[in-house]
Amino acid sequence: MLVGAILAAGTWAARTIHFQSELLPIFPQNLPSVQGLQLFQEKFGSAQEVIVVMESQTIMNANGAAVSTIEIPGSEKLESLTTKLQTLPDVESVTIMGKSDPQRMSRAVAWTIANLPPEQFAQFQNLFTPGELKSRLQKTRNRLSGVMDPEAMALIRLDPFRLTEWLEKQGGIHLPLTNPSPTQSEGPTVIAIQVRARQPLQTFESCQAFVGEIRDTVRNDYGSAKLYPPDAQVWLRKFFLTGRPAIVAETATQMRHDMLLMAGVAAVLISLAFWLCYRSLVPLLLILFLQGLSFLCGLIAARILFGGLNVIGMGFSAILLGVSMDYCILVYHYFATAEGPHAWPTLKRGIWLSAITTAGAFGILYFSSFPGFKQLAVLIGVGLLTTAYFATTLLPLLLDRFKPVAPPWLNKVSDAFAAALEQRRKLVRWSVAIGIAIFVIAVPFIWNYPFYNSDLKSLRHSNSEAYRGMELLGNLGGMTRTFPVIVHGKTLADLHEQTAHLGKALSLDLSSSLLWIPRGSYMDANRTKWNDGRGRMVKDVIAQSDFDPTWGESTRMLLGVLDGWKDGKENFKEIRSMTSNVMSWSDGEPMALVRVPLPSPVKPDESVQLWHRIEASGTRCQPADWALLGSDLNQTARGDFQRLSVWMLLIVFSLCWVAHRAMRLVMLNAVALILSLLLLLALLVATGTSMTIMSLLAVPLLIGLVIDYSLHLILALEESRGNLKETFRHLATPVFLTGIASVIGFGSPLASQQPSLQNFGFVMDLGIISAVATGLILIPALYFHPASRPHYSQTLYRAGWFGIASWFASWVPRPCFRAFGKSCGWLYACSHPGSVRIVQRNLALLRKDPIPSALARAVFVNFGATLADYFRLGVCPHDEVMRMIGENHGAENFKKVYEEGRGCLLVTGHMSLFELGGFFMKDQGCPITVLTLPEPSGALTRWRADYRARWGVDTLEVGTDSFALLEVVKHLQSGKFVAVLVDRPYQGQHIAVDFPGGKAPFSSGILMLALLAQCPVIPVTVVCSHSGKYHLEAHPPIYLEKRGSREETVEHYMRQIAHTLEPTLCKHPDQWYQFVALP
Amino acid sequence: MVSIRRAALILASIFLPTAHAGPVEVGADGQKKYADAFEMKQSATHTFECTLRQTLKLQGMKKPVISKGHIYYAAPDHLLIRFDEPSDEFVLLNGKHVTIKKSGEDAEERDLDPKKESDSTGIAMLLGFFQNGASALKESHRIAMFEMEKLLNVTLTPKQPDRRPIMIVTHLSLPDLELHSQLIRFSRENEMSYEFIQPQRDQPLKEGIFDQPVKGATK
């Protein structure tokens, strides 16, 4: 039912979800640059206009000779093309841009004159009297003598009455130029045809349809490309379609294609890798099906919560595939290798912890300023948790039916890899240390390396027709780089004033923008006052002068348009649709798009500085500049990174703490994360790659994978007590398989021709390689299990410290010293949770009920007090020691054995102040030798031997030397008492004795010596009471008799001894100082 | 398309209708000899002064506009063209700083922009002729030379077909290679020519002639 519901809802979501190809919605909506650009796109973005750009191209050979040329179509062909475009049903108007069109320009200027305030309009009319015109023409004649600016020559011919000067004084209106300046090159190299749709193109589909219609028409009429050179089969594009609809159509098509390609290739290659490893098809299909279900869950969430998927949100499928595939493969591997039911809880726990931690880490992105990342956070969270659910519930049910079997070679390879890594652990550790050192040294050199490329152009496809067209359009008419600003006003007059104020404040010429901002609704009034027939007057004045009729042609054309306006033949509709930079809010308040020129060449932070100046001017406006947006996004992203990374790390490490409950393991997670990030950075530098906002997804993917791998590996290593072989059998194949499949899957876009996609695939691959290398090599190499380390503190367990402690014990009162010891023990327990856990596990042998960690910590506290007494014992007078002993039971057993003249083996556990037994024995007049294992240093061995010798107790060190054991036998046979601790296995020889909570190991080897020496064994216990006095008890001697084989005899008596010690141990678990992890 | 040589010949015959003999093209060696000698002469010149006659022909004008004045040059980079007809007009170049004064208007001061085509082809180009014979143009222009009795015609045409001016023709008197006249053709029907009358080299110029002579100049 659940699956059916997901399939139904997922189908609905997939069919109705909207793919957002726009970039702006994924950026912080509170940024002025984002708001400005959104307003720009909404009001001025020409959602209805597609522009056909044509560029003349000449291809030269090596000798500089032209071998192929594309020429812009001539006027006739252009007219024919525009006519055909005009006949298309969805086309409202077609306008040719870039080619000199005096008629259109005259219309444009006439429109601005028609919008002049009435008094200025009247002044304009007054210029057209024969006297005024003659006077102006004479002045023009005079200007041609003397100092002459070549550039002014053409203007003078076009504007002999110098109307330009007059109009500029009224607000920067320029007369149209019908000819290029004589110092300028002739003929345009770029031409654009603006095609306007009848309706706004809101959807991807409508954009695609309209763009396709235009493309077909232009292609049929003009051809799409020209072969260059004929033998190379290279085609030169003859035209480019651009404008917002073209960009939307191209981007959305490309995105869908890319996502499908990537998901498809990744799925196929992962499947192939899976099949190669496990030679199993049906389970693979099941896994893919479950992955598909998780993907659908994410899609459903996206549809319900957001209504659509944006560019970043689409990346969720990629991350999901990379991270969550691991869960399914882990479960499959568990079933295929028949690891046994005991491993399932650990695996299940690992999967859920990994899913929750990774989802938590991504969840922090919800608080990012970027809505795109908010979407990603939710989708990843949903996807990971549902995959974890399916992997731990549905998949086991399904796999249980199919009973998959892993090929035997997998374990062989895994074992070989584990063995190789085990042998080279030190090498790997040293390599890591050296690598970090090199990285630190290299930091000054790579500090300025562009790890992140904030240029939004990097998101564009390199072969993008739409963006290439946009760039060409920028060259139209020698445009200079401008900073677009949307100025707001309460009325048209206010808008004009605001814009003029902006120009003054910036000391910049904004006349080209002011030109198109009417100062009010004066057109109707002016139209009635216009006196037509001025063109004839101009012609007559020219005819009477030194100039021929071509002079003043533009003026006559302008007057002709105004006459047509007066007669109702001209309504300026085309000009207004093409050039208007004034729009209105719904309440009628106007706004204008003003292009502020930027100095050339444009400096990198020019836009930012200009915007600061604009803000300081006090003009009511918003920026609509992409360069400023890039800068703003960088700043916001940096702020977000600083703010969120702290929380993300906190969440990750808190959840890791929940998983491990050991600082050591959490730190290993942290180290893994840091090392993998460093590795990624190093790989980026080594390959000379920068991340884009798209490939930045590699970082969360990396975090997700590293958390996933490290959690599983560390949990497995802990479970197997650092057994690499066992761990790798469980995890190496799934991790490697997921890693290699993801590398191939994400690497598939590398084969494409799109640099932005190639960068995405490549950076993702680098991230995955870093994660897999960290997971399979660095984590196991850096991991250490407490059992493989000495159970004592290597820092504190030294002769020097013992000497100092002994000195303190000589003058600090015993209660104070014991309290100090207890404090130290408590601190040690708090800072060494791993050691506490070991003690907790050992104590679990003594009870059926769970052992609280507080009891384990109490062991350390008591041990502190015992140590204090131990040092006191070495320095205090005999009487004081005797006062430390409270009750003693069974002393007669010693005497009895001693009087028999036989040696005796005194056996006890690591209980309380067991060294006190030696003192007591000597006090009873029994010679005693203490057996001890070699201390970490000779100095400490000597210190402890000297310590015992103070009250006449000998020390006999036994190591691997078998002669030392013969020495023990000699001591026993000579009638001496030999004391030994038996509750810790020695050299792997032990007997597991049933205790309430499990099987407790007891060292059995020593009983062989007692058998050899034919001496009795006396179990002894020492415990400390609440009053601080020690109670000693010597149990009745055990005389060893043969009971079957030697081994059977030893086992029998060892069990007897263990059971003799058991009640005391169980009664005083907090005094059993068993710090070594028992097998 | 009219070849450079033919164009130069036609221009020379139009420009110098009084020439008695037909123009003779100078070979590569001869060109180098003349170019080196002219460059040396110009480079060695400290001051230059002459009367100037400027003729402007524009498309659609029934007769050309003629202006008269004086030109003053002082090495390394001072150039002044002061007009008498019309009066109160001058253009002054001190290094890269140019001051332009039109009759009845305030003077305008600015620095020349080498990237601006009109700046690099206007007075700056003229200064280059005085400094070193406009050797900088050798890279970007094709050169043809013709001997015409007592004059040497040096014709420069840009290598890039879309560059303006489309032709610069300089006439030097022979054998002393003194500046005689210069024609700058901006397009087929728009051109400006200078005649250098009574040139004088290395004579002391009036003191302070290149000082800013303007009040209220706009920057």
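No lab work stands behind these numbers, since they all come straight from the coordinates. Being a predicted model, the structure only gives us computed values, none of them experimental. Every residue, glycine as well, gets a Cβ built from its backbone with ideal geometry; the counts of neighbours run over all protein chains shown.
So, by mean Cβ neighbours within 10 angstrom, what's the order for B:142-153, A:1024-1035 with the highest one leading?
B:142-153, A:1024-1035
Using the Cα gyration tensor of the stretch B:128-183, with a ≥ b ≥ c the square roots of its eigenvalues, what is the shape: rounded (a/c below 1.5), prolate (a/b larger than b/c) or oblate (neither)?
Because a/c hits 1.5 or more and a/b exceeds b/c, the stretch B:128-183 counts as prolate.
With a ≥ b ≥ c the root eigenvalues of the C-alpha gyration tensor of the stretch A:914-958, is it rounded (a/c under 1.5), prolate (a/b larger than b/c) or oblate?
Prolate is the answer for the stretch A:914-958, as a/c is 1.5 or above and a/b outweighs b/c.
Beyond 30 Å between alpha-carbons counts as too far, so tell me which of A:K896/A:K970; B:K41/B:K63; A:K412/A:K999; A:K43/A:K77; A:K169/B:K206; B:K41/B:K206 fall in that bin.
The pairs that break the limit, which is 30 Å between Cα atoms, are B:K41/B:K63; A:K412/A:K999; A:K43/A:K77; A:K169/B:K206.
Within a Cβ distance under 13 Å of A:I356, other residues only, what is the Lys/Arg minus Asp/Glu net charge?
+1
What is the fewest-to-most order of A:Y366, A:Y332, A:Y1053 by other Cβ atoms lying within 10 Å of their Cβ?
The order, fewest Cβ neighbours first, is A:Y366, A:Y1053, A:Y332.
If you stretched the chain out fully between A:S810 and A:W626, how much longer would it get, using 0.36 nm times the residue separation minus the C-alpha to C-alpha distance?
58.4 nm
Which whole number gives the average count of other chain Cβ atoms within 10 Å of the Cβ atoms across peptide B:55-62? All intermediate terms of the calculation are to be shown ahead of the outcome.
Working: counts 0, 6, 0, 9, 8, 11, 8, 4.
So the per-residue partner count for this stretch is 6.
Among A:L593, A:L684, what is the fewest-to-most ranking by other Cβ atoms within 10 Å?
Ordered from fewest to most neighbouring Cβ atoms within 10 Å, A:L593, A:L684 come out as A:L593, A:L684.
Hey, any idea what Rg/Rh is for the stretch A:488-549, computing Rh the Kirkwood way over Cα pairs? All intermediate terms of the calculation are to be shown ahead of the outcome.
Numbers: Rg = 18.2 Å, Rh = 14.8 Å.
Rg divided by Rh gives 1.23.
Full-extension gain between A:E1047 and A:R424, please, as 0.36 nm times their residue separation minus the C-alpha to C-alpha distance. Write down the numbers at each step before the final one.
Numbers: separation 623, 0.36 × 623 = 224.28 nm, distance 3.92 nm.
Length gained, A:E1047 through A:R424: 220.4 nm.
Compute the distance in nm between two label points, each set 7 Å from the Cα along the Cα-to-Cβ direction, one at A:E76 and one at A:D605.
Distance between the two pseudo-spin positions: 5.8 nm.
Would you mind giving the mean number of other chain beta-carbons within 10 Å of the Cβ of each residue in A:137-145, as a whole number?
4
First check a/c for the stretch A:827-896, with a ≥ b ≥ c the square roots of the eigenvalues of its C-alpha gyration tensor; if it is under 1.5, answer rounded, and if not, answer prolate when a/b is larger than b/c or oblate otherwise.
The shape class here is oblate.
Starting with the highest mean, order B:175-182, A:711-718, A:611-618, A:192-199 by the number of other Cβ atoms within 10 Å, averaged over the residues of each peptide.
A:711-718, A:192-199, B:175-182, A:611-618
Could you order the peptides A:810-821, A:299-310, A:878-889 from most to least packed, using the average number of other C-beta atoms within 10 Å per residue?
A:299-310, A:810-821, A:878-889
Would you kindly calculate the translational diffusion coefficient of the stretch A:859-971, applying Stokes-Einstein with the Kirkwood radius from alpha carbon pairs, for 37 °C and a viscosity of 0.692 mPa s, and quote it in µm² s⁻¹ without decimals?
213
Using only alpha-carbon positions, what ratio does the radius of gyration of the stretch A:959-1079 give when scaled by 2.2 N^0.38 Å? Could you put the intermediate results ahead of the total?
Details: Rg = 15.0 Å, N = 121, 2.2 N^0.38 = 13.6 Å.
After normalising by residue count via 2.2 N^0.38 Å, the value is 1.10.
Tell me which aspartates and glutamates have Cα within less than 16 Å of A:K1029's Cα, excluding those fewer than 8 residues away on the same chain?
Within reach: A:D869, A:D879, A:E880, A:E887, A:E915, A:D1070.
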